[in-house]
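Notes follow the structure.
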Amino acid sequence: MREPLMQHLPLFIPNTLQRVREDTELQKLAAKMAHHAPGSPPLGEHVERTDFPSVSEASFYTCYSHEVSPATRARHADRNSYDRDDLPRHNDAHMHPWSYIQKGIGLKELVLRMKMINCMTSVVMPIPTSIIPLQGDKAYKHYELMKIPGGLHHCGPRYYLPAEFNHRGVTLTPEILACAVSAATLSLDTEVDDHTADEFKQLEPDEQNVLDPMITGLHLGSTRADFALFKKLARNPGVFTGGGELTFNKELVEHMFERDGQASLHPVPYIARHNGGDTNIEPAKQLMAAFGVAGMPVCLHCDIDDWIPDKDGNPKNLAAFSAFIGDTKVRDTKIIWAHAGGLGRFVKQSKGHLNALEDMLALHPNLVLDIAWSEVARQLTGVDLPINEARLRVSQWTEFLEKHSSRIMFGSDSLAPKSNQHWSQTLIAYKDLLRGLSAEARLNVLEKSYETHIKGARDAVRKFENHVLPFMRDKLCDFSTLRLDIPAIRIFRDALYSRMKSTEVCTTRTFDHHEISQANERLELRQMLGKKILENASKGRRIEELEALLEAQRGGASGSQRGRSSVSTPKKPNSKPWY
């Protein structure tokens with residue numbers, strides 16, 4: 001690149017020039033930006049500084065609103081990555097495209113990168129807990145935001161901890177916890193789901209078919225969380241498959257949500273203080289019931305134990321979590337317990353962990369597990385254990401996975417991965433463990449369990465959106481409706497479905513403006529006549545008339561909807577032996 005060109009690029013400041021000269025792709029990008037329209041507004045005010053700690057921070061403060069195509073981003077992410085043929089076909093049951101400040105991968109880019117790493121289908125789980133620094137205005141003016149836990153541009157390896165405490169093997173202490181809580185707080189971002197839907201609707205049908213967006217922007221302690229769920233479905237029909245990852249009790253996170261009213265498995269002093277504290281768990285049960293009646297699986301993060309384990313060895317959260325998912329409101333909802341049953345960076349596997357999981361799976365038919373997160377993979381494969389203990393750990397998990405493979409799913413738990421190598425590191429970490437499974441069990445963990453428990457829910461959710469949700473729309477905004485009667489909705493749903501033909505499924509994922517207009521007219525007519533039937537007809541005739549009404553409306557609507565195939569892509573034989 002000629003030096004004169006560089007002189008006209010406000011994007012690049014002096015300490016990044018050498019990198020541009022050495023990177024041909026960046027040279028091409030720079031050449032493209034050199035010819036941008038004179039009036040192109042920057043995303044932020046350009047700052048002439050040469051003392052940025054890193055190139056990434058410099059680029060953040062000097063970037064302009066010039067598009068870089070998803071294909072270009074995907075090619076950059078695939079550099080120095082694993083060969084596609086070295087990675088098994090798999091589905092990703094636990095993936096976060098965006099970071100704690102909603103920065104990361106666009107869904108177009110995500111789909112392209114999935115092909116590069118042999119990922120057939122993936123969930124889309126936006127992180128709803130946005131990190132907010134507590135550093136004050138002075139730090140803001142002096143660009144100290146980059147030094148907060150998690151980083152401003154990308155979460156990176158810092159997790160929620162300040163940099164001085166962030167290294168492998170660190171033991172969480174009350175002092176470190178206090179430091180983390182004083183450095184930053186977490187705020188629930190309820191807009192993340194609309195952002196997911198907006199991006200999803202711009203995809204082509206074949207691109208949509210490989211993604212399962214999940215709803216995450218819900219407050220588990222809110223008495224209106226169930227209303228919020230159904231409103232999100234009503235605003236974005238044909239988009240979402242399930243919910244989660246939603247977080248109950250989690251080491252640092254629950255403390256960084258201090259006084260936010262979040263649901264907890266155990267009484268906390270700042271809820272109902274006059275009564276000595278309370279759990280605020282009932283709204284979460286109601287929300288789980290709402291997910292269940294819509295046919296949506298829910299991924300929950302709940303640590304099995306506290307970050308300071310009890311001396312008696314009993315996991316602090318196990319009994320309470322078991323009671324929660326076995327509650328009458330929750331037991332009809334598919335629950336995906338994340339991270340191999342609540343393990344994590346500061347929550348280690350105990351000697352009785354696998355026995356506890358055996359009991360949980362036997363007790364709760366609605367429970368399945370994922371084995372997501374590279375930190376969890378280290379525990380399951382015994383990387384940090386002495387060799388004899390590591391072999392025993394792998395042997396035990398191999399036996400457990402073999403026995404329950406139909407209820408266990410692989411997930412990467414990758415967070416806004418900058419490279420495909422980073423995205424694939426959890427899969428690579430499980431290489432030896434997967435090799436020890438039978439072909440059937442390995443296929444279940446990598447593909448079939450996802451197709452059963454997540455992808456298999458698509459038709460049920462679409463059916464609910466098209467045939468049940470329209471009758472609820474007025475209740476979602478009615479002042480007199482203080483609480484939704486989920487059991488009554490379930491009875492109505494089942495009665496309605498029993499009168500429908502068994503072959504009737506709705507797989508629509510996208511609508512154009514004309515179809516949306518037609519749908520609104522049909523919904524208004526359906527609501528008006530439905531109320532008339534309920535008011536004036538006898539109980540015996542209500543269902544018959546409702547059935548006839550719906551049959552007539554479905555006949556008029558069938559030609560205008562664009563379908564989405566639910567048939568899986570044929571599998572190609574793979575010559576690589578380890579998977």
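The values are calculated or read from the model by the stated rules, or taken from the named source; none is laboratory data. Computed from a predicted structure; not experimentally measured. When we count neighbours, we look across all protein chains shown, and the Cβ atoms used for this are built from the backbone with ideal geometry, even at glycine. Please note that ligands, DNA and RNA were not included when accessible areas were found on the heavy atoms of the full protein model with its side chains. Shrake-Rupley method; radii C 1.70, N 1.55, O 1.52, S 1.80 Å.
May I ask you to say which residue of 321, 346, 291 is in contact (Cβ under 8 Å) with a residue 60 or more places away in the chain and assigned to a loop (DSSP other than H, G, I, E, B)? Going through 321, 346, 291 in turn, just one is in contact (Cβ under 8 Å) with a residue 60 or more places away in the chain and assigned to a loop (DSSP other than H, G, I, E, B): 346. From the list 333, 328, the lone residue that is farther than 30 Å from residue 384 by Cα, hydroxyl-bearing (Ser, Thr, Tyr), open to solvent by 10 Å² or more (accessible area, probe 1.4 Å) and not in a helix (DSSP H, G or I) is 328. Does residue 217 satisfy being within 20 Å of residue 93 (Cβ to Cβ) and either open to solvent by 40 Å² or more (accessible area, probe 1.4 Å) or not in a loop (DSSP other than H, G, I, E, B) (or both)? Criteria not met by residue 217. Contact map, the stretch 469-491: first residue farther than 14 Å from residue 294 by Cβ, second residue open to solvent by 50 Å² or more (accessible area, probe 1.4 Å) and among the acidic types (Asp, Glu), Cβ cut-off under 8 Å, separation 6 or more or different chains; the map is empty. Taken together, the criteria exclude residue 142 from residues that are surrounded by fewer than 16 Cβ atoms within 10 Å (Cβ to Cβ), in contact with a His (Cβ under 8 Å, 6 or more places away or on another chain) and either at pLDDT below 95 or not aliphatic (A, V, I, L, M) (or both).
If you go through the stretch 95-116 and keep only what is within 13 Å of residue 212 (Cβ to Cβ) and either of a type in the set (D, E, K, R) or in a helix (DSSP H, G or I) (or both), you end up with 107, 110, 111, 114. Across the stretch 406-431, the number of residues qualifying as open to solvent by 10 Å² or more (accessible area, probe 1.4 Å) and either closer than 22 Å to residue 244 by Cβ or not hydroxyl-bearing (Ser, Thr, Tyr) (or both) comes to 11. Is there a residue in the stretch 65-84 that is under 18 Å from residue 120 (Cα atoms), in contact with a strand residue (DSSP E or B) (Cβ under 9 Å, 6 or more places away or on another chain) and modelled with pLDDT of 85 or more? No, every residue in the stretch 65-84 fails to be under 18 Å from residue 120 (Cα atoms), in contact with a strand residue (DSSP E or B) (Cβ under 9 Å, 6 or more places away or on another chain) and modelled with pLDDT of 85 or more.
With respect to (1) open to solvent by less than 50 Å² (accessible area, probe 1.4 Å); (2) assigned to a helix (DSSP H, G or I), the lone exception for residue 452 is condition (1).
Taking the numbered list (1) at pLDDT below 90; (2) crowded, with 22+ Cβ neighbours inside 10 Å in turn, residue 445 passes all entries but (1).
Go over the candidates 212, 206 one by one and state the one that is of a type in the set (D, E, K, R) and open to solvent by less than 10 Å² (accessible area, probe 1.4 Å). Spell out how you get there, then give the answer.
Numbers: 206 fails: open to solvent by less than 10 Å² (accessible area, probe 1.4 Å).
Step by step, each of 212, 206 is checked, and only 212 is of a type in the set (D, E, K, R) and open to solvent by less than 10 Å² (accessible area, probe 1.4 Å).
Checking the condition modelled with pLDDT under 75 and either open to solvent by less than 10 Å² (accessible area, probe 1.4 Å) or assigned to a strand (DSSP E or B) (or both), which residue from 252, 229 passes? Checking each option against the conditions leaves just 252.
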